[in-house]
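A.B. asks: After the structure tokens below, expect a handful of questions from me.
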């Protein structure tokens, strides 16, 4: 069988000769770059080479040979990620003050413009998709997250950014047609949040803190709705949305199914400060690349979708086998899957959506038996693609409340006050 070492031409004996040390809680692989001389150690972008990343997984596979060892490591890693993200302790939950308006009826689904306050004065905007005719019983929920896109320089750019894109609308509407309650929310400094805190704030490290907390509060909103099933809670996003997916899954046990798309890598840690601008991956007694963070989902269902044109190009022969090993410690290897698309590029395109539709339908019992994800993608042609103006929560007729905090500095102060 082809291994990542064949692909990268690493002599396996050199990897096997690497020393293994540390306690289960503080396991750190050998051969890493040195810690920062001053301040926190950050891991931006390709922090490791592909060869180094592969070596950490081989070392981890040899080290984590029983469930107890992994569980102790996972508990410590979650604690360090939460602290590194600036969320320890978690902020006190305040009223969401949810806004729902302008329900539109479409073929098999409805759409509403929604907002909630993740902290007092900061409004997370999004869209709520529901089945047009509920099938009966409590419905599963899906949180849909988006990746990075082109900055807004003109009106036309909104159609290619975040929750307003045709592909995000297609994904959410299809999942609603399948029988799920679906919420799409936007990154900080994207979409409507530009009007509140500007788009320049997106590349501030605090954005990692706020986006992670926004995702937690998004689950609070979804699970506050009538008729939802708390045992079927999924999250999925691509690229930077994939980073948010693995962080939320690692820190929030309410997530029962996770599908990070074109993101999870042993050597690439996220190229934006909203992903790697805070010390979530490494300190003097903690190491967790995005593969290890993804592994914190175990034994909950996990789907990795990868392609051949970015840092996920080795997933099938490197990251996925390692995660199969971790899931095997729980007797749950069948709960982790990889759909690798070597001829494709970095996106959440049709075949990637088809993979997620198949996965979530199988695990959550959605849709029509025998209907494939590919068939569902073909049916996306009947989805009504709305304009960003239709999808906005706030406009001239529905202004943002006057209590809104209009600077990221004030938003951070508000969040920090909830940690006291």
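The values are calculated or read from the model by the stated rules, or taken from the named source; none is laboratory data. For clarity, every value in this text was computed on a predicted model and none was experimentally measured. Glycine also receives a Cβ, built like all others from the backbone with ideal geometry; neighbour counts cover every protein chain displayed.
A.B. asks: If I go through segment 309-328 residue by residue, how many of them are in contact with a helix residue (DSSP H, G or I) (Cβ under 6 Å, 6 or more places away or on another chain) and over 15 Å from residue 294 (Cα atoms)?
C.D. replies: Initial filter on segment 309-328 (in contact with a helix residue (DSSP H, G or I) (Cβ under 6 Å, 6 or more places away or on another chain)): 314, 317-319, 322-327.
Imposing the further condition that a residue be over 15 Å from residue 294 (Cα atoms) reduces the set to 314, 317.
Residues flagged as in contact with a helix residue (DSSP H, G or I) (Cβ under 6 Å, 6 or more places away or on another chain) and over 15 Å from residue 294 (Cα atoms) within segment 309-328 amount to 2.
A.B. asks: I'd like to check something: does segment 65-84 contain any residue that is assigned to a loop (DSSP other than H, G, I, E, B) and either surrounded by 18 or more Cβ atoms within 10 Å (Cβ to Cβ) or under 24 Å from the mean Cα position of the chain (by Cα) (or both)? Outline the logic, then answer.
C.D. replies: Step one: of segment 65-84, the residues assigned to a loop (DSSP other than H, G, I, E, B) are 65-66.
From the residues that got through so far, the ones that are either surrounded by 18 or more Cβ atoms within 10 Å (Cβ to Cβ) or under 24 Å from the mean Cα position of the chain (by Cα) (or both) too are none.
No, because not a single residue in segment 65-84 is assigned to a loop (DSSP other than H, G, I, E, B) and either surrounded by 18 or more Cβ atoms within 10 Å (Cβ to Cβ) or under 24 Å from the mean Cα position of the chain (by Cα) (or both).
A.B. asks: Sticking with this structure for a sec: Among (1) crowded, with 23+ Cβ neighbours inside 10 Å; (2) free of Cβ contacts under 8 Å to residues at least 40 places away in the same chain, where does residue 160 come up short?
C.D. replies: Failing condition for residue 160: (1).
A.B. asks: So which of 116, 123 ends up being within 16 Å of residue 219 (Cα to Cα), assigned to a strand (DSSP E or B), in contact with a helix residue (DSSP H, G or I) (Cβ under 6 Å, 6 or more places away or on another chain) and touching a residue at least 60 places away in the same chain (Cβ under 8 Å)?
C.D. replies: On the way: 123 fails: in contact with a helix residue (DSSP H, G or I) (Cβ under 6 Å, 6 or more places away or on another chain).
The unique qualifying residue is 116.
A.B. asks: On to the next question. Which condition number in (1) out of contact with any strand residue (DSSP E or B) (no Cβ under 9 Å at 6 or more places or on another chain); (2) modelled with pLDDT of 95 or more is the one that residue 368 fails?
C.D. replies: (2)
A.B. asks: Identify, from the list 87, 130, 105, the residue that is out of contact with any strand residue (DSSP E or B) (no Cβ under 8 Å at 6 or more places or on another chain), in a strand (DSSP E or B) and modelled with pLDDT of 95 or more.
C.D. replies: Details: 87 fails: in a strand (DSSP E or B); 130 fails: out of contact with any strand residue (DSSP E or B) (no Cβ under 8 Å at 6 or more places or on another chain).
Only one candidate qualifies: 105.
A.B. asks: Got a number for residues in segment 227-246 being out of contact with any helix residue (DSSP H, G or I) (no Cβ under 8 Å at 6 or more places or on another chain) and under 15 Å from residue 211 (Cβ atoms)?
C.D. replies: Taking segment 227-246 first, the residues out of contact with any helix residue (DSSP H, G or I) (no Cβ under 8 Å at 6 or more places or on another chain) are 227, 229, 231, 239, 241-242, 245.
Checking the rest, the ones that are also under 15 Å from residue 211 (Cβ atoms) come to 239, 241-242, 245.
So the count comes out to 4.
A.B. asks: Given the criteria under 28 Å from residue 62 (Cα atoms) and under 18 Å from the mean Cα position of the chain (by Cα), does residue 320 qualify? Walk me through it before giving the result.
C.D. replies: Numbers: under 28 Å from residue 62 (Cα atoms): yes; under 18 Å from the mean Cα position of the chain (by Cα): yes.
Yes, satisfied.
A.B. asks: Okay, moving on. Across segment 252-282, what is the number of residues that are in contact with a helix residue (DSSP H, G or I) (Cβ under 6 Å, 6 or more places away or on another chain), more than 21 Å from residue 167 (Cβ to Cβ) and assigned to a helix (DSSP H, G or I)?
C.D. replies: Matching residues across segment 252-282 total 1.
A.B. asks: While we're here: Would you check which residues across segment 383-408 are in contact with a helix residue (DSSP H, G or I) (Cβ under 9 Å, 6 or more places away or on another chain) and either assigned to a helix (DSSP H, G or I) or free of Cβ contacts under 8 Å to residues at least 24 places away in the same chain (or both) and list them?
C.D. replies: Within segment 383-408, 388, 389, 391, 395, 408 meet the criteria.
A.B. asks: Of all residues in segment 159-188 being over 17 Å from the mean Cα position of the chain (by Cα) and outside any helix (DSSP H, G or I), which is farthest from residue 42 (Cα to Cα)?
C.D. replies: 179
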